[in-house]
Amino acid sequence: MTDTLAPTRRARGTVLAAAPLTIMAAAIIAPSLPAMREDFADTPGSGLLVRLALTVTSLAIAISAPLSGIVADRVGRRPLLLTGLGLYAVSGTAGFFVDDLYLLLITRAGLGLAVGGIMTAVSTLITDWFTGERHASFLGLQQAFASLGGVVFLPLAGLLATVSWHAPFWIYSVSAIVVVFAIVSLREPERNSPAVGGGGRLPARVVGVYVLALVVTLVFYMAPTQLPFLLQGFGSGPVVVGAVVAGSTLTGVVGALTFPRLRRRLGPTAITTVSVALMGAGWLVIGTAGTVAQVVTGLLAGGLGVGFVVPNLNLLLAESADPARRGRVLSGLVTGIFLGQFLSPLVVQPLVQGIGIADAFTWTGIALGAGAALAALLSNRNNGKEAR
């Protein structure tokens, strides 16, 4: 296969530079959560509200992504990306100046609007640019850069959090540099036909991908929302918390880079099953861990699973999306991913209150392992029927 639009090297580099700004946008403040909880202790419901300061960003992304998809199809990918990058820099760094928890939540919602636009524009541009194996390879590279951002930004956020819980918010200013490169290097891709009209109902397979993305992300986001408090029990400070949570993104890089090779050998269902099994094993290790090193081991396994599953689901949708509706179809994946992030503390918190953080990881890992085993069994049965 050949590239459909032959993007320049600078354009490809700009899109890859935008990738780290998205997936870890909310998690950058994870090392600050314990200090934020102490600072806002007098605010009613601060225990939950502080966690929501991390995940309200994800809710805003989930809500705004469908609108971003419409904008990408009707107005263009480039204007959407430039607007998102500019809003990202402004709303992200605003948290440094805020001392009111409710106002902080508003700025975090603004950050979510920005990320929804950036992710939708980037995913659609990549699908415009590439087909076939080049598409799979670049999706893997994009996910690797996104995970690499976690490896760099989370430990840096942990280090800055030792100075002040406000300090990590300056990391969001990186977007101001990326937007300059985007203005210079990106051009609006030509499309065969304009996107007009509603386009009808989404196929069940597409909706299933959205639901799977939601569930996987809901589980994975237990790392930044729950681990800071679990690690406090081991006597870990913000620097250690940032480094440990970044461990999941380190193997995410490895998983994403090996995804194109894996895709040539395994089908999408098999890749998803392996990914869920790896996450289940990792969460089971975390739940039963007695040391920080064992927690890291579990995170490494879970991160590897996420490195496989995200580009796999993205590619599944891209292959089934009509060119005139690419923005809208791919924006649904953004909604699924970030709705899962937002729901994570809300769904997991009752479990944490009932059985504790460690046991919540343990039982979640068991559930994921059982789900992966059931998926493998059903897949083998279906393959056997087709063979007969």
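The values are calculated or read from the model by the stated rules, or taken from the named source; none is laboratory data. No experiment lies behind these values; they were computed from the predicted model shown. Positions of Cβ are backbone-derived with ideal geometry, glycine not excepted, and every protein chain shown enters the neighbour counts. Remember, those area values only see protein heavy atoms, side chains included, never the ligands or the DNA or RNA. Shrake-Rupley method; radii C 1.70, N 1.55, O 1.52, S 1.80 Å.
With a Förster radius of 41 Å applied to the C-beta separation of Leu374 and Thr131, the computed FRET efficiency comes to 0.75. Summarised in one figure, the compactness ratio Rg/Rh of the stretch 206-262, Cα atoms and Kirkwood Rh, is 1.10.
Averaged per residue, what accessible area in Å² does the chain show with a 1.4 Å probe, protein chains only? Mind dumping the intermediate values first?
Numbers: 15640 Å² over 388 residues.
For the chain, the solvent-accessible area averages 40 Å² per residue.
Which listed residue (Val56, Ala213, Gly267) has the Cα farthest towards the positive end of the charge dipole for the chain, taking +1 on Lys and Arg C-beta and -1 on Asp and Glu C-beta about the Cα centre? The Cα lying farthest towards the positive end belongs to Gly267.
Leaving out ligands, DNA and RNA, and with a 1.4 Å probe, what % of the accessible surface on the chain is carbon or sulfur?
Numbers: 10390 of 15640 Å².
About 66 percent, which is the carbon plus sulfur part of the accessible surface.
Please state, to two decimals, what the Cα-based radius of gyration of the stretch 1-119 comes to when divided by 2.2 N^0.38 Å (N = residues).
Numbers: Rg = 16.6 Å, N = 119, 2.2 N^0.38 = 13.5 Å.
Rg over 2.2 N^0.38 Å, computed on Cα atoms: 1.23.
The calculated FRET efficiency for the pair Ala293 and Val211, based on their C-beta separation and a Förster distance of 25 Å, comes to about 0.10.
Label-to-label distance for Ser164 and Asp99 is 1.0 nm, based on points extended 7 Å past Cα in the beta-carbon direction. The charge dipole of the chain, taken about its Cα centre with unit charges on the Cβ of Lys, Arg, Asp and Glu (plus for the first two, minus for the last two), comes to roughly 1300 debye.
When peptides 300-307, 359-366, 181-188 are ranked by their average number of other Cβ atoms within 10 Å per residue, the highest-first order is 300-307, 359-366, 181-188. When only the Cβ of Lys, Arg, Asp and Glu is charged (+1, +1, -1, -1), the dipole of the stretch 43-142 relative to its Cα centre reaches about 120 debye.
FRET efficiency for Ala367 and Arg187, Cβ-Cβ distance as r, R0 = 35 Å, nearest 0.05?
Values: r = 46 Å, r/R0 = 1.33.
That pair, Ala367 with Arg187, gives E of 0.15.
If the segment from Val75 to Arg264 were pulled out straight at 0.36 nm per residue, it would be longer than the present Cα-Cα gap by 64.5 nm. Taking the centroid of alpha carbons for each part, the stretch 37-89 and the stretch 238-281 are 25 Å apart. Considering only the Cα atoms of the stretch 31-89, their convex hull presents on average a projected area of 5.1 nm².
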